[in-house]
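Report on one structure; see the data block that follows.
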Amino acid sequence: RRTPELAGRFADEFNIYSQPAPDLALRIGRAQDASNLAGRDASSILLSSISPPVIGPDPATYRRRLGLLAAARGVDVDRFEEQSRTIAVPMGTHEEARDTFGPLAELGITRYYLQILGGFGLDYATEVLEVLGSA
């Protein structure tokens, strides 16, 4: 609760880890309210988010990667996918993953940091940056 208020009063950028859109909107609103109360222009704060995307060029590759990440965490693959999608993690085929950013942009998020996890190597990191780096 305190982070959005501090960001609104002092920060140039407010970065929020991926979470459901209503929660993002609430935190952004708190930061903007705090900014206005501090006499700052709320629109001057860059809004950003971050998460580890799980993508693939086709459904089979995506599911294989998703399965590896779920197994590494010791969780059911379908539950892992559902929870990740709920918090707006870019997931799925390349096109599906790009579509994640539209609703975030509507909330005012203009920068997204991509965490490259999973030990898939540099080829995967390159793929993620090529597909999502300018989305």
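Could you list, in sequence order, the residues of segment 2-29 that are surrounded by 16 or more Cβ atoms within 10 Å (Cβ to Cβ), farther than 23 Å from T100 by Cβ and in contact with a helix residue (DSSP H, G or I) (Cβ under 7 Å, 6 or more places away or on another chain)?
E5, G8
Does at least one position in segment 66-75 carry a residue that is hydrophobic (A, V, I, L, M, F, W, C), in a loop (DSSP other than H, G, I, E, B) and without any contact (Cβ under 8 Å) to a residue 12 or more places away in the chain?
yes
Name, by its number, the condition in (1) hydroxyl-bearing (S, T, Y); (2) out of contact with any Ser or Thr (no Cβ under 8 Å at 6 or more places or on another chain); (3) within 22 Å of L26 (Cβ to Cβ) that does not hold for T126.
In the conditions (1) hydroxyl-bearing (S, T, Y); (2) out of contact with any Ser or Thr (no Cβ under 8 Å at 6 or more places or on another chain); (3) within 22 Å of L26 (Cβ to Cβ), T126 misses (3) alone.
Modelled with pLDDT under 95 and aromatic (F, W, Y): does that describe Y112?
Taking the combined requirement at face value, the residue satisfies it.
Surrounded by 13 or more Cβ atoms within 10 Å (Cβ to Cβ), under 30 Å from R2 (Cβ atoms) and more than 16 Å from the chain's Cα centre (by Cα): does that describe D33?
Answer is yes for this residue.
Within segment 118-135, how many residues are more than 13 Å from H94 (Cβ to Cβ) and touching a strand residue (DSSP E or B) at 6+ places or on another chain (Cβ under 7 Å)?
Within segment 118-135, residues that are more than 13 Å from H94 (Cβ to Cβ) and touching a strand residue (DSSP E or B) at 6+ places or on another chain (Cβ under 7 Å) number 0.
Please list, ordered by first then second residue, the pairs with beta carbon atoms under 6 Å, 6 or more apart or interchain, first in segment 114-135 and within 15 Å of R64 (Cα to Cα), second part of a helix (DSSP H, G or I) and of a type outside the set (S, T, Y).
G118/L69
Please go through segment 46-61 and give me each residue that is over 16 Å from Y112 (Cα atoms) and buried (at least 17 other Cβ atoms within 10 Å of the Cβ), ordered by number. Walk me through it before giving the result.
Narrowing segment 46-61 to residues over 16 Å from Y112 (Cα atoms): 56-61.
The one that is over 16 Å from Y112 (Cα atoms) and buried (at least 17 other Cβ atoms within 10 Å of the Cβ): G56.
In segment 36-44, is there at least one residue being within 30 Å of V128 (Cβ to Cβ) and in contact with a strand residue (DSSP E or B) (Cβ under 9 Å, 6 or more places away or on another chain)?
no
Return yes or no: is T93 β-branched (V, I, T) and more than 25 Å from E130 (Cβ to Cβ)?
no
So, in segment 85-135, of the ones that are among the aliphatic types (A, V, I, L, M) and out of contact with any Leu (no Cβ under 8 Å at 6 or more places or on another chain), which residue ends up surrounded by the fewest Cβ atoms within 10 Å (Cβ to Cβ)? Step through it out loud before you land on a result.
Pass one, segment 85-135, residues among the aliphatic types (A, V, I, L, M): 87-89, 91, 97, 104-105, 107, 109, 114, 116-117, 122, 125, 128-129, 131-132, 135.
This time we only want the ones that are out of contact with any Leu (no Cβ under 8 Å at 6 or more places or on another chain), so: 87, 89, 105, 116, 122, 125, 131, 135.
Details: I87: 15, V89: 21, A105: 12, I116: 16, L122: 8, A125: 13, V131: 20, A135: 15.
The extreme case among them is L122.
Assess whether R73 counts as being open to solvent by 70 Å² or more (accessible area, probe 1.4 Å), modelled with pLDDT of 95 or more and farther than 21 Å from L107 by Cβ.
no
Among the residues of segment 1-37, how many are at pLDDT below 95, farther than 30 Å from D123 by Cβ and in a loop (DSSP other than H, G, I, E, B)?
Residues meeting the conditions: 2.
The values are calculated or read from the model by the stated rules, or taken from the named source; none is laboratory data. The model shown is predicted, which means the values in this text are computed figures rather than measured ones. Positions of Cβ are generated from backbone atoms using ideal geometry, with glycine treated the same way; all protein chains shown enter the neighbour counts. The accessibility values were calculated without ligands, DNA or RNA, using every heavy atom of the protein model including side chains. Shrake-Rupley method; radii C 1.70, N 1.55, O 1.52, S 1.80 Å.
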